[in-house]
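S.K.: Okay, here's the structure, questions in a sec.
Laboratory data are not the source of any read-out in this text; all were calculated from the coordinates shown. Everything quoted here is computed from the prediction, not taken from an experiment. Neighbour counts run over all protein chains shown; Cβ positions are idealised from the backbone, glycine included.
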Amino acid sequence: MAEPELSAQLLVLLQEFSRSGLRELHIRSGDFELYLSHDAANAGAVMTRNPVVGLPAACAPAPVAAPAAVTVTPSAAAPASALPADVIIVRAPNLGTFYRSPKPGAPAYVEVGSMVVEGDELCLIEVMKLFTSVTSRDAGRIHAVLVEDGAMVEADQPLFAIVRM
Amino acid sequence: MAIKRLFIANRGEIALRIVRAAQALNIETVVAVSAADRDSAAARMADRAVVLGPPAAAKSYLDPRLVVHAAKESGCDGLHPGYGFLSERAILPRLCAQNGIAFVGPEPDAIDALGDKIQARAMARAAGVPLVPGCDGVATAADARREGDRIGYPVLLKAAAGGGGRGMVIAHNGDEAEAGFQRASAEAVAAFGDGTLFMERFVPQARHVEVQLMGDGHGKVLHFGERDCSVQRRYQKLVEEAPCVAMPDHLRAQLQQSATALAASVNYRNAGTAEFLFDVARQEFYFIEVNARIQVEHPVSEMISGFDLVQEQIRIAGGASLSVSQEQIKLSGHAIECRINAEDTSRDFLPSPGRITRWNAPSGEGIRLDSHMSEGAMIPPFYDSMVGKLIAHGKDRAEAVARLSAALEEFVVEGVPTTIGLHRQIVAHPDFIENRIHTRWLEQVLLPTIGA
């Protein structure tokens, strides 16, 4: 299927966006829609008539274009220059509420720039008070956190970009 | 309070049907999809689609906590379960209630009570609804003869302790009842350690008849006529029609009265169906069960009543009273529905998922097609194989059959095998045209002649 290809395209897009100096980017093509913003407050800004995930017809879905906006959190540790080729995207196993820390007020499991090893907890996904942790399958550095703390994520939605080490 | 944003916890044609009903009522829609259904017709039509989880139903459509969490987090104040999946699991309305979401269906306690065969039969008995004549404790051969004589032959004898076909005997007279008792009881002792038998009247040629009900939970229950669903294979309905023209008017009135009395006795809320066995030879009907949901075959009742049952479901869940009275429900003409499945009839009805490469849908006067399919659409392998329901309405049964027949001829689907060909054979068969069918007709009469 075209999904890996699509993810690659989106990564290129993320990279170009980070480099461009643009504050926001909104793309709509057929059923595909993508909204990028450097302002975290804009997460969830897009709620259109048909924000259904996916390219038209037979194409594989574009999980990144989940109904809520994808917000790139820039940081000094994530250089605006070239995105390393060895980036992996960590996705949500199912729909739920995304939590970056084990409990309210506690430090986040990871921040942009954090080094992780295989098996490290990255976040929690909550479904009706049932919390399951998402762990890293690789060793690397957190390049981007793609979802706001407390937001609803859908199955397969990208949560983190990790640069494999 | 009227629902403002409805969550649809289902897929396929019924998800699309519910989205359309909600849109007609100016209600926003959020459709739950699995990763396999992101591109479904319902997902495209709705205001929003949320991906619950992977394709496996247990990790998406069948997880009540996941479903209600998604409904709540997407800001929905109502939830429609459709049919199948979680529609008759009381935990769903219970979770909805805990989270301030109106469930489009009955109270959870009613779902539990009706889902339990023994409780449901007790409720039916209390409401004066006829049950299959029977006897629970046949302990001796002499008992078997006496009870058989009382119930009327043929009778079915089976182990009171167990299920399945073990120790099951059909007796046509008193001698057979005594002999059958010895045999069935010995088998029951061997299998379950208890020789007590259960006896009930056996109906060799029955029709499946059911009554469409709608209650508002404020004490009012209405019926929208009955349906005849006798064309079945392995207890799965293939063709459903309304009304049941094989039933005389006086019996029909009793049937409708029994069904509404049963629902009213539990102050039933929302859509439900009371199912009965119609013993044509004896001109009697017996209660089977109540299905506490909207059913696949609801369109035939809509076609003869001109009433949108799904919209009414949503209104009632929002707290409204029934919008019509029994006198205002005028049933006219005849409607027949064919369930079209992506199945290979030449390979024992093997479900055949895949991509639809051609979809030429029929149209015309009195024709309705409830389907989520189109050219290029994919039937994923994870769920049931239904691709749509073709419904024909006419001024009488003959006109409905003629219209259905023409529509089936016009219907072209390529890419996957379907049951369209079988439906053409069913509606062209003299037994179907002359309405001489029963629940075993398809398996005993038609299928053997076509080598399916």
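S.K.: Over chain B, what is the relative contact order in whole percent, taking alpha-carbon pairs under 8 Å and six or more residues apart? Present the calculation step by step, with values, prior to reporting the outcome.
M.R.: On the way: 1012 pairs, mean separation 63.1, N = 452.
The value is 14 percent.
S.K.: Does anything in segment B:39-57 have its amide N under 12 Å from the 7 Å Cα→Cβ label point of A:R137, and if so which residues?
M.R.: Answer for segment B:39-57: none.
S.K.: Moving on to the next point. Looking at segment B:150-218, which trypsin sites (Lys or Arg not before Pro) are in a loop (DSSP not H, G, I, E or B) and have at most 16 other Cβ atoms within 10 Å?
M.R.: Sites meeting the loop and neighbour criteria: B:R166.
S.K.: So what is the relative contact order of segment B:294-452, in percent, for Cα pairs below 8 Å that sit 6 or more residues apart? Working shown, then result.
M.R.: Numbers: 246 pairs, mean separation 39.5, N = 159.
This gives 25 percent for segment B:294-452.
S.K.: Another question, if that's okay. Among the GluC sites (Glu not before Pro) in segment B:1-77, which ones are in a DSSP loop with at most 16 other Cβ atoms within 10 Å of the Cβ? Mind listing them?
M.R.: Passing sites in segment B:1-77 do not exist.
S.K.: Within segment B:386-424, list the trypsin sites (Lys or Arg not before Pro) lying in a DSSP loop whose Cβ has at most 12 other Cβ atoms in a 10 Å radius.
M.R.: Qualifying residues, ordered by number: B:K395.
S.K.: Is it possible to state the helix-based mean residue ellipticity at 222 nm for the protein assembly as shown, with each DSSP H run of 4+ residues giving -39500 (n - 2.57), the sum divided by total residues, to the nearest 500 deg cm²/dmol? What is it?
M.R.: So the calculated ellipticity at 222 nm is -8000 deg cm²/dmol.
S.K.: Please work out whether segment B:121-235 counts as rounded, prolate or oblate from its C-alpha gyration tensor, where a ≥ b ≥ c are the square roots of the eigenvalues and a/c under 1.5 means rounded, while otherwise a/b larger than b/c means prolate and anything else oblate?
M.R.: It comes out prolate by the Cα gyration axes.
S.K.: For segment B:1-64 and segment B:278-324, what is the separation of their Cα centres, given in Å?
M.R.: 22
S.K.: Let me check against my output: what whole-number percent is the relative contact order of segment B:237-354, with C-alpha pairs under 8 Å and at least 6 apart?
M.R.: Values: 113 pairs, mean separation 34.5, N = 118.
That works out to 29 percent.
S.K.: So which of B:K59/B:K220; B:K72/B:K330; A:K129/B:K4; B:K59/B:K158; B:K72/B:K117; A:K129/B:K389 end up more than 31 Å apart, counting from Cα to Cα?
M.R.: Cα-Cα > 31 Å for B:K59/B:K220; B:K72/B:K330; B:K59/B:K158; B:K72/B:K117; A:K129/B:K389; rest within.
S.K.: Could you tally the net charge around B:K389, taking each other residue with its Cβ under 10 Å from the Cβ of B:K389, Lys/Arg +1 and Asp/Glu -1?
M.R.: -2
S.K.: Cβ under 14 Å from B:A57's Cβ, B:A57 left aside: what net charge do those residues give with Lys, Arg +1 and Asp, Glu -1? Before the final figure, lay out each step's value.
M.R.: Details: positive: B:R11, B:K59, B:R89; negative: B:D37, B:D63, B:D384.
Within the 14 Å Cβ shell, the charges total 0.
S.K.: Moving on. Between beta-carbons, use under 10 Å as the cut-off and find the net charge around B:N291, counting Lys and Arg +1, Asp and Glu -1.
M.R.: Net of charged neighbours comes to -3.
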